[in-house]
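The values are calculated or read from the model by the stated rules, or taken from the named source; none is laboratory data. Fair warning: this is a prediction, and the values are worked out from it, not measured in the lab. Note that each Cβ is placed from the backbone with ideal geometry, even for glycine, and that neighbours are counted across all protein chains shown. For the accessible areas, the whole protein counts, side chains as well, though only heavy atoms, and no ligand, DNA or RNA atoms are used. Shrake-Rupley method; radii C 1.70, N 1.55, O 1.52, S 1.80 Å.
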Amino acid sequence: MSEKIKCLIIGSGPAGYTAAIYAARADLKPVMIAGMEPGGQLMTTTEVDNYPGYPKGIQGPEMMEDFRKQAERFGTVVRYEFVSSVDFSSRPFKVTVNEKETLLAETVIISTGATAKWLEIESEQRLRKISGGVSACAVCDGFFFKGQDVAIVGGGDTAAEEATYLSKLCRKVYMLVRKDFLRASKAMQHRVENTPNIELLYNHETIQVLGETGVNGALIRNAKTKEERKIDITGFFVAIGHQPNTSIFKEQLELDAQGYIKTIPGTTQTSVEGVFASGDVQDKTYRQAVTAAGSGCMAALDAERWLASKGIH
Ligand code: NDP
């Protein structure tokens, strides 16, 4: 119990860094625990074209580097560690880092984001665990399938974006969509439909990913006709949404049915006074870098006002 921190931020995506910028400028001397994947989901993104202020677009990792520098410029202490447990039952809150050091915090801002989901079929998980050609990140792993044929599952913006990315590296990309329409934005639909080496397979589900030590195909089924067939691929990508990173909070805070942290509408206040949540960990609707950053700002302002209301300076 060595430190007492006015504002402890957990997670280092756009929400966490924006909270840090505002908290540091309000003289809350924030300490950020950056987590297992510093920078969050944007570290595995290529071009970000929809973040205001970057008229030519920017690479995700480069943008997060800018966020970090801006947060540190105002005095945020960034620690490259992970939070193993929290105790919000009394104040100051207790936050254990790397399973050994317990920090004391007057306020906590949770910005731990969300993580990719899997189909959870046996062959997918087996091949994924042995790095046998199954991946949830085209940007990270697409390079390994240069000139080869691959498949990607999903019909949202992530799947569409990753299919487009893969189409530039791979010979052919099968896009397996379980419904008869894409959920992705019109702009992304248009891009996918107009990419000659992407084959859109609507109403298709994956029965098995084939291969012992590496992917050599996938057995797929047309849900309408029930027809099964094998596609020859060496890479299998999954882009079917995300799971909020809230396992360490589930005994401490109110979560919704899907595990997202509940906040009081219009604020970042969680079910425990003095604990705030921002970014994808509490947002299953918008999930954009800019909305995450906006809610990070709100969390820092909420924390500052709460500290002032308690007379903590
Ligand atoms: P979404 O939840 O939007 O889409 C998930 C997709 O995966 C859907 O097509 C869904 O099908 C499908 N799916 C889910 N479970 C399964 C399953 N078990 N088997 C097969 N298919 C499945 O997730 P995304 O990650 O694509 O996007 C998340 C959010 O981030 C969205 O709001 C999106 O707009 C945003 N985003 C924005 C980007 C941008 O603006 N540049 C880039 C990437 C994401 P179904 O439709 O049938 O439910």
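Per-structure values
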| quantity | calculated |
| --- | --- |
| Matching residues, segment 59-82, being more than 17 Å from the chain's Cα centre (by Cα) and aliphatic (A, V, I, L, M) | A71, V77, V78 |
| Residue match in segment 51-68 (condition: farther than 24 Å from V275 by Cβ, within 16 Å of the ligand (Cβ to nearest atom), open to solvent by 20 Å² or more (accessible area, probe 1.4 Å) and part of a strand (DSSP E or B)) | yes |
| Failed item, numbered, when A136 is tested on (1) surrounded by 15 or more Cβ atoms within 10 Å (Cβ to Cβ); (2) under 19 Å from N222 (Cα atoms); (3) within 14 Å of the ligand (Cβ to nearest atom) | (2) |
| Lone unmet requirement of (1) of a type outside the set (K, R); (2) farther than 27 Å from A159 by Cα; (3) crowded, with 17+ Cβ neighbours inside 10 Å for E254 | (3) |
| In segment 139-168, the residues that are surrounded by fewer than 24 Cβ atoms within 10 Å (Cβ to Cβ) and either of a type in the set (F, W, Y) or in a strand (DSSP E or B) (or both) | F143, F144, F145, D149, Y165 |
| E193, sole failed condition from (1) outside the structural domain of F144 (by TED's automatic domain parsing); (2) within 16 Å of the ligand (Cβ to nearest atom) | (1) |
| Scope segment 208-219; condition among the aliphatic types (A, V, I, L, M) and open to solvent by less than 40 Å² (accessible area, probe 1.4 Å); matching residues | V209, V215, A218 |
| Residue within segment 97-114 that is within 16 Å of the ligand (Cβ to nearest atom), surrounded by 14 or more Cβ atoms within 10 Å (Cβ to Cβ) and not in a helix (DSSP H, G or I) present | yes |
| Within segment 220-313, strands (runs of 3 or more DSSP E) holding 1 or more residues that are without any contact (Cβ under 8 Å) to a residue 12 or more places away in the chain and away from the ligand (no atom under 16 Å from the Cβ) | 228-231 |
| Residue identified as under 18 Å from the mean Cα position of the chain (by Cα) and modelled with pLDDT of 95 or more among T246, T263 | T246 |
| Odd one out for K29 among (1) touching a strand residue (DSSP E or B) at 6+ places or on another chain (Cβ under 9 Å); (2) within 16 Å of T291 (Cα to Cα); (3) assigned to a loop (DSSP other than H, G, I, E, B) | (2) |
| Condition check for S131: modelled with pLDDT under 90 and either closer than 19 Å to T213 by Cα or more than 15 Å from the ligand (Cβ to nearest atom) (or both) | yes |
| Residue in segment 15-28 that is open to solvent by 70 Å² or more (accessible area, probe 1.4 Å) and touching a residue at least 24 places away in the same chain (Cβ under 8 Å) present | yes |
| Unique match (being at pLDDT 95 or above, charged (D, E, K, R), within 16 Å of the ligand (Cβ to nearest atom) and open to solvent by less than 70 Å² (accessible area, probe 1.4 Å)) among E124, E81 | E124 |
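To keep it simple, each residue is scored yes or no on (1) modelled with pLDDT of 95 or more; (2) assigned by TED's automatic domain parsing to the domain that holds S12; (3) of a type outside the set (D, E, K, R).
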{"position": "V272", "(1), (2), (3)": "yes, yes, yes"}
{"position": "F276", "(1), (2), (3)": "yes, yes, yes"}
{"position": "A289", "(1), (2), (3)": "no, yes, yes"}
{"position": "C297", "(1), (2), (3)": "yes, yes, yes"}
{"position": "E304", "(1), (2), (3)": "yes, yes, no"}
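Yes/no matrix, rows are residues, columns are (1) in the same structural domain as I109 (by TED's automatic domain parsing); (2) open to solvent by less than 90 Å² (accessible area, probe 1.4 Å); (3) closer than 19 Å to D157 by Cβ:
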residue	(1), (2), (3)
C170	no, yes, no
M175	no, yes, yes
R221	no, yes, no
E227	no, no, no
D232	no, no, no
K250	yes, no, no
Y260	yes, yes, yes
